[in-house]
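One structure is given here, and the rest of the page talks about it.
The values are calculated or read from the model by the stated rules, or taken from the named source; none is laboratory data. Here the structure is a predicted model, which is why all the values come from computation and not from measurement. Quick reminder, even Gly has a Cβ in these numbers, built from the backbone with ideal geometry, and neighbours come from all protein chains shown.
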Amino acid sequence: MTIQPPTSIALPAGPSGLADIFRYCPRCGGERPRLDNNRSLRCDGCGFLFFFNSAAAAAAFIFHRDQLLLCVRGREPAKGMLDLPGGFVEFDEAVEECLRREIREELNLEVADFRYFASASNDYRYAGVPYKTTDLFFMCEAADLTGIRPGDDVADYVLAAPGAVDLSALAFASSRAAFGLLLERLTRDRERP
């Protein structure tokens, strides 16, 4: 299942956009390389071309019995808001490896048997730099929460019935969209004979 991307995915060119972040060419030091179609940086002096590609991130809907395990963000961006366990995929790391690592770092849990659920694009602004991400969402179960404790960038965790979660309390648009799809699926599954 894929969530439809927004109609415009242009990177911002204003004061906190890429045009102001990249004031000099990384290769020759020439001033003001230009943004081509908000997708790449091009230096007219030396011909350097750098593409802004999407970063991969993964998150998990972790069920414990009939409840969902959510994190409370301990750092910016969106400090204090709800989030799904997960994070950025490292170089040379499979998405499933990323989820196992992130869930271990964030919640001290070992979880397996991930089932792909959906994907969505997202805008992630960190330290004033805009990042385009492709977020992959998976579902899994945690039978035992013994030893769970928040770590890394997680301040706390909550267990909640999926229908009781206020989607506006979720930190990122991609998570809100995927969570909405999850609620639709759970409703359909309950209505099936």
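Rundown of residues vs (1) assigned by TED's automatic domain parsing to the domain that holds residue 85; (2) in a helix (DSSP H, G or I); (3) polar (S, T, N, Q); (4) out of contact with any helix residue (DSSP H, G or I) (no Cβ under 9 Å at 6 or more places or on another chain), yes/no style:
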| site | (1), (2), (3), (4) |
| --- | --- |
| 148 | yes, no, no, no |
| 156 | yes, no, no, yes |
| 163 | yes, yes, no, no |
| 175 | yes, yes, yes, no |
| 180 | yes, yes, no, no |
| 185 | yes, yes, no, yes |
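Taking the conditions (1) in a loop (DSSP other than H, G, I, E, B); (2) modelled with pLDDT of 80 or more; (3) not charged (D, E, K, R) in turn, residue 50 satisfies each one other than (1). Quick check on the stretch 115-134: of everything there that is in a strand (DSSP E or B) and small (Gly, Ala, Ser), which residue is surrounded by the most Cβ atoms within 10 Å (Cβ to Cβ)? Here the answer is 120. Just a yes or no: is a residue in the stretch 139-155 exposed (fewer than 13 other Cβ atoms within 10 Å of the Cβ), at pLDDT below 95, under 18 Å from the mean Cα position of the chain (by Cα) and not acidic (Asp, Glu)? No, there is no match, as no residue in the stretch 139-155 is exposed (fewer than 13 other Cβ atoms within 10 Å of the Cβ), at pLDDT below 95, under 18 Å from the mean Cα position of the chain (by Cα) and not acidic (Asp, Glu). Of 80, 45, all but one fail to be assigned by TED's automatic domain parsing to the domain that holds residue 170, surrounded by 13 or more Cβ atoms within 10 Å (Cβ to Cβ), in contact (Cβ under 8 Å) with a residue 12 or more places away in the chain and part of a loop (DSSP other than H, G, I, E, B); the exception is 80. Only a single item in (1) closer than 19 Å to residue 69 by Cα; (2) crowded, with 18+ Cβ neighbours inside 10 Å; (3) in contact with a helix residue (DSSP H, G or I) (Cβ under 8 Å, 6 or more places away or on another chain) is not met by residue 112, and it is number (2). Exactly one residue out of 68, 99 is surrounded by 19 or more Cβ atoms within 10 Å (Cβ to Cβ), touching a Pro at 6+ places or on another chain (Cβ under 7 Å), assigned by TED's automatic domain parsing to the domain that holds residue 170 and touching a residue at least 24 places away in the same chain (Cβ under 8 Å), and it is 68.
For the stretch 83-93, state whether one or more residues are within 16 Å of residue 170 (Cα to Cα), of a type in the set (A, V, I, L, M, F, W, C) and either assigned to a strand (DSSP E or B) or at pLDDT below 95 (or both). Looking for residues that are within 16 Å of residue 170 (Cα to Cα), of a type in the set (A, V, I, L, M, F, W, C) and either assigned to a strand (DSSP E or B) or at pLDDT below 95 (or both), one finds none in the stretch 83-93, hence no.
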